[in-house]
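Quick notes on the structure that follows.
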Amino acid sequence: NPNASLWSFDRGEHSMQAEQVRSLRATADRAIEDFADNKVIKAIKAGEWTRADYQSLLLTIFPQVHQGTMSFALAAGNCATRHSAVREFLVHHAEEEMLHYQWIADDLRSIGYCGPDPRTLLPGPHVQAYIAFNFYNAHHFPPSRIASSLVLEGLGAALKAEDLLPFLEKEGLTPANFSFFLSHATTDKQHIQDLWDVIAEIEIDDEGFEWFLHACRTAGFYYKSMYDSTID
């Protein structure tokens with residue numbers, strides 16, 4: 001391949017090594033474990049989470065879901081040719097996730113929300129920070145935009161419907177009122193595998209890999225903060 005030297009050797013880049021993949025998995029897993037300590041989950045386990053709290057959570061995460069696909073698309077457009085596999089994944093993922101905000105709107109209506117259109121509400125500071133960081137990644141090192149997805153898709157894949165049953169029964173709700181979360185519990189199991197398949201082929205230097213780790217940790221921090229803010 002006459003271009004191999006131009007894209008890899010001259011840039012000091014290589015496909016992500018097995019040791020790097022293990023390190024990135026450990027970082028993502030740690031972010032997911034840390035997220036599990038958020039105030040929403042604690043309130044659910046304590047039987048103290050209410051329908052009003054659930055509504056607050058849906059309204060809080062709505063801007064992130066509504067805007068997230070735009071940073072996927074931006075990152076795809078900014079990807080270098082050597083990151084074509086990442087670019088193609090990001091375009092496909094942006095299209096697949098594009099209308100998921102409608103699931104949140106449906107859930108809000110199903111629990112009796114009568115407030116303003118969520119698209120007109122300004123993001124809270126924790127949500128804005130998460131959104132802004134994803135757009136920064138899309139500019140600074142476009143492939144790292146998928147680092148946030150390692151955390152979010154991992155969380156979705158780990159969600160168990162039975163964990164929500166006590167809350168649903170207490171508040172007189174059904175799984176139909178949780179279409180956003182429960183749908184992701186199904187789709188994200190495949191998405192997370194697709195992500196790791198792409199990551200294994202990314203051509204990356206040491207600085208780029210360190211940014212991947214940083215992006216993964218930061219995404220977990222901001223996402224946990226978003227959930228905590230709905231209880232605060």
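The values are calculated or read from the model by the stated rules, or taken from the named source; none is laboratory data. Note that this is a predicted model, so its numbers are computed, not measured. Neighbour counts are summed over all protein chains in view; Cβ atoms, including those assigned to glycine, are modelled from backbone coordinates with ideal geometry. Surface areas here come from the heavy atoms of the whole protein model, side chains and all, with no ligands, DNA or RNA. Shrake-Rupley method; radii C 1.70, N 1.55, O 1.52, S 1.80 Å.
Only one entry in 200, 215 is among the small types (Gly, Ala, Ser) and either within 13 Å of the chain's Cα centre (by Cα) or open to solvent by 60 Å² or more (accessible area, probe 1.4 Å) (or both), namely 215. Restricted to segment 160-232, the set of helices (runs of 4 or more DSSP H) holding at least 3 residues that are at pLDDT below 85 comprises 179-199.
The set of residues from segment 67-81 being modelled with pLDDT of 95 or more and not hydrophobic (A, V, I, L, M, F, W, C) comprises 71, 77, 78. Residue count for segment 93-115 under the criterion of being over 15 Å from residue 55 (Cβ atoms) and open to solvent by 20 Å² or more (accessible area, probe 1.4 Å): the result is 7. Here is a check on your reading of the model: is residue 162 farther than 20 Å from residue 93 by Cα and over 13 Å from the mean Cα position of the chain (by Cα)? Taking the combined requirement at face value, the residue satisfies it.
Tallying residues that are of a type in the set (Val, Ile, Thr), over 15 Å from residue 94 (Cα atoms) and open to solvent by 10 Å² or more (accessible area, probe 1.4 Å) within segment 116-159 yields 1. In segment 73-90 there is at least one residue matching the filter, namely being touching a strand residue (DSSP E or B) at 6+ places or on another chain (Cβ under 8 Å), open to solvent by 40 Å² or more (accessible area, probe 1.4 Å) and either over 22 Å from residue 160 (Cα atoms) or of a type outside the set (Lys, Arg) (or both). Inclusion of residue 27 among residues that are in contact with a Lys or Arg (Cβ under 7 Å, 6 or more places away or on another chain) and either in contact (Cβ under 8 Å) with a residue 24 or more places away in the chain or within 25 Å of residue 208 (Cα to Cα) (or both) is warranted.
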